[in-house]
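Visitor: For reference, the structure I am asking about is given below.
The values are calculated or read from the model by the stated rules, or taken from the named source; none is laboratory data. If you're wondering where the values come from, they're calculated on a predicted model, not measured in any experiment. Cβ coordinates were reconstructed from backbone atoms using ideal geometry, including for glycine residues, and neighbour counts include every protein chain displayed.
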Amino acid sequence: MELLSAITEFAAREPKVYGLILGLVAAAILASVINVAAMLLVWLERKVMGDFQSRYGPNRVGGRWGILQLGADAVKLFTKEDIIPRGADKSVYVWAPIVAVATTMLIAGALPFGAVIIDGEVIPLVVANMDISALYVEAVLSLMAIGAFMAGYASNNKYSMLGAFRGIARMIAYEVPMGVCVISVAVMAHSLNLVEIVNAQQGIWFALAQPLGFVIFAICLIVDLGRMPFDQTEAEEEIISGYNTEYSGIRFGLLYFQEYIVMLLGSILLVLLFLGGWNGPVIPVITFISPMVWFFMKLLIVLVALIWIRVSLPRFRIDQVTDLGWKILLPLSLINFVWAVAVGLYFA
């Protein structure tokens, strides 16, 4: 009690300093949770891929369920020699992995990570509940290509540069239909706030109200994540490994780990926009965390689906990827937008 009263007095006396300290603590906690969740996601993907393909790997080595494999990889990445290529732009080369991870962390602050029920009221768990959080998250997702471009440009390697240019071409082709789908959801929900978008799906999920938009957004999200079958920026048989070819050690680890952080955050965004977020029947025994249970069940289904797609489909050519974005998904996203406006006006 004395500690609590001392904190209250300090907050009243120094509100700006208290707000800064509180923000730093919250950011540290959020970053820790996201990184631990991304580590578990690495393990989950290895386990599921090993089961799908019936092959030996981390699901049969590294202790029970392959958990020790994560620790072995961490030790390997931390202890490998950090080599900077001759002729590379050293400052850009060093900062590229940091920028790649930092841009993904910008997304986390605006994403609700579920909700809890207190005194019969649903309280969303979000750091910054912004009125335009849906647009903000979609805009920051487009910044991911900056880290890849910096890495490809600074490496002084033509294959790395080609991978970076592929990332830019892919981003431009798919950010437009993805943005149109976000606007379509906002029109139907009458809000750009992710919390209000989730609340608007208490009657029906937007995946059912606009199934075309759901499919388009899911495809665009997979492209944005750079995962199979849309990982042309690091297609090993074509461009060695793309933008991260010249990286080693912990810098390569950051670029590799950033992909899984974005996969986690992108899946959360899909659940919030189209799958009703934390909406679901109240579970009597665990009423307090009932919304969290529904939220993480939906999130796990989306993550397993992304892994399933990765192990099932072959990689597309880069021209097929750009054609799909400009010639097919963009016109379909406009059709879905017209549908969303009509439905939104009818229910308004």
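Visitor: Taking helices (runs of 4 or more DSSP H) that do not extend beyond the range 122-228, which have at least 2 residues that are within 22 Å of Ile98 (Cβ to Cβ) and in the same structural domain as Gly276 (by TED's automatic domain parsing)?
Guide: 133-142, 144-154, 158-189, 211-225
Visitor: Can you pull out every residue in the range 169-182 that is in contact (Cβ under 8 Å) with a residue 24 or more places away in the chain and surrounded by fewer than 20 Cβ atoms within 10 Å (Cβ to Cβ)?
Guide: Residues of the range 169-182 that are in contact (Cβ under 8 Å) with a residue 24 or more places away in the chain, as a first pass: 169-171, 173-182.
Selection gives Ala169, Glu175, Val176, Gly179.
Visitor: For residues that are hydrophobic (A, V, I, L, M, F, W, C) and at pLDDT below 85, scanning just the range 286-310, find the one that is farthest from Leu272 (Cα to Cα). Outline the logic, then answer.
Guide: First, pick out the residues of the range 286-310 that are hydrophobic (A, V, I, L, M, F, W, C): 286, 288-289, 292-297, 299-309.
When the remaining residues are screened for being at pLDDT below 85, the result is 286, 288-289.
Values: Ile286: 22, Phe288: 20, Ile289: 17 Å.
Applying the filter and picking the extreme gives Ile286.
Visitor: Filter the range 274-327 for residues that are part of a loop (DSSP other than H, G, I, E, B), under 25 Å from Glu234 (Cβ atoms) and not aromatic (Phe, Trp, Tyr) and give the result. Walk me through it before giving the result.
Guide: Step one: of the range 274-327, the residues part of a loop (DSSP other than H, G, I, E, B) are 275-289, 313-317.
Remaining after also requiring under 25 Å from Glu234 (Cβ atoms): 313-317.
Leu313, Pro314, Arg315, Arg317 - these are the residues of the range 274-327 that are part of a loop (DSSP other than H, G, I, E, B), under 25 Å from Glu234 (Cβ atoms) and not aromatic (Phe, Trp, Tyr).
Visitor: So, in the range 202-214, exactly how many residues are more than 17 Å from the chain's Cα centre (by Cα) and surrounded by fewer than 23 Cβ atoms within 10 Å (Cβ to Cβ)?
Guide: Counting residues in the range 202-214 that are more than 17 Å from the chain's Cα centre (by Cα) and surrounded by fewer than 23 Cβ atoms within 10 Å (Cβ to Cβ) gives 9.
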